[in-house]
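Shown next, in structure tokens, is the structure this report addresses.
What follows draws every value from the coordinates through simple rules; no lab data is involved. A quick note: this is a predicted structure, and the numbers were derived from the prediction, not measured. Here the Cβ is made from the backbone with ideal geometry for all residues, glycine too, and neighbour counts use every protein chain on show.
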Amino acid sequence: MHGFANPTRFLRLARLLTGPLLLVGLSVAGGAMAYGLFAAPAERLQGETVRILFIHVPTAWLGMGGWTAIAVASLAELVWRHPLAGIAARAVAVPGAVFTAICLLTGSIWGRPAWGTWWVWDGRLTSMLVLLFLYLAYIALGSAVEREGASSRILAIFGLVGAVNIPIIHYSVLWWNSLHQAPSITIGKSAMAPEFLWPLLIALAGFSLLFGGVVLARMRMILADAQAEARLRRMAEEA
Amino acid sequence: MSGAIKPKHQRLVLALLAIAALIGAGLLAAWALRNQASYFYVPSDIAAAPPAPDQAVRLGGMVQAGSLKTLPDGVTVRFMVGDGKANVPVRYSGILPDLFVEGSGVVAEGRLAADGTFVADNLLAKHDENYVPRELKDMTDAQARATVAETGK
């Protein structure tokens, strides 16, 4: 891992991977969603509204996966002081927030015909909304830390503390009675017919690649920003 | 460094202790919320501790098969909601959500009347975790084979 402590080596690999990840991710996710829209069968009770599954579930998982990545990177920054860890965590925050927002919006659109309501304050919906607010707070705190030149350790601690919400989101439908259904896919078991399961898994793979590409692009942007800043400062000192 | 413990390891131990404390706090909070955070009561909760007559509550459970009856006025329905241990009769007047069928989950918002009937102001359908294609659900094996043979021609 510490081989990548050298940003030049990391940047060379990142430059190579960003384009292909974005392109392949976009086409795989787009293809799976097109299949879901036009070719997948209607569901027994939900009917045509089931098609929103292929965007709702991957964005939900990646929204939660994003904060898990922030927590792991924050731990690496606090303990091992890895120079890229903090940058990786900050790069995840924006796509994580966007995916969480898409998950909440699509869920709401599905809830109106399926449940008969746009929104309820049950455990799952509330904890997912809390995740979106955590992402927004993390982004705001990150830019404040950067602007004030404060220690990024505050941000890393916030990233770790916020991870408490992730198991709560997962278990909210199991611990408490909720309007949201229990998970259809658990390890080694699926309550979902293969007609829905396979396009869902392919969409998940596509969205994951897309997410990875966006994170790499944002890490490169943050590194380039820091480099430009350092150069400007040097020029100002020499002048 | 003169100390026996490397600062890196000290930080790791501190971080792990903090995470353990955090998870402990989270679990305690979830445990304390186990009743309050539930979105609805199930029929056995209602049977064990009936709510006050005009207290607004939500009742959730399965619509019992064969219990759904439409009253002569055409807009009022009666059905039983059960959780496998207890049943509560429900009365509701209004538009039913699309996913509302016998054998499926429902959440009713309303209050318990004096006669033990739950009078609902609003019904929410609850979808379960099963995803089944519509085409295959109503068909017997023979019908499915016939359809496949027909489309194959």
Restricted to the range B:24-53 and to residues being touching a residue at least 40 places away in the same chain (Cβ under 8 Å) and in a loop (DSSP other than H, G, I, E, B), the residue farthest from the other protein chains (Cβ to nearest Cβ) is B:P53
| message | Criterion first (within 14 Å of chain B (Cβ to nearest Cβ), closer than 27 Å to A:I109 by Cα and either loosely packed, with under 15 Cβ neighbours inside 10 Å or not hydroxyl-bearing (S, T, Y) (or both)) does A:L160 satisfy it? | response | no
### Task
Restrict the check to the range B:66-75 and report whether at least one residue is surrounded by 15 or more Cβ atoms within 10 Å (Cβ to Cβ), within 14 Å of another protein chain (Cβ to nearest Cβ) and in a loop (DSSP other than H, G, I, E, B).
no
Of the residues in the range A:36-59, those that are part of a helix (DSSP H, G or I), in contact (Cβ under 8 Å) with a residue 24 or more places away in the chain and within 14 Å of chain B (Cβ to nearest Cβ) number 8
Exactly one of A:L155, A:L75 is surrounded by 21 or more Cβ atoms within 10 Å (Cβ to Cβ), within 14 Å of chain B (Cβ to nearest Cβ) and either more than 29 Å from B:L123 (Cβ to Cβ) or touching a Cys at 6+ places or on another chain (Cβ under 8 Å) (or both), and that residue is A:L75
Residue hits (the range B:76-109; away from every other protein chain (no Cβ under 14 Å) and closer than 21 Å to B:Q55 by Cβ) are B:A86, B:N87, B:V88, B:P89, B:V90, B:R91, B:S93
Residue hits (the range A:78-101; within 14 Å of chain B (Cβ to nearest Cβ) and of a type in the set (F, W, Y)) are A:W80
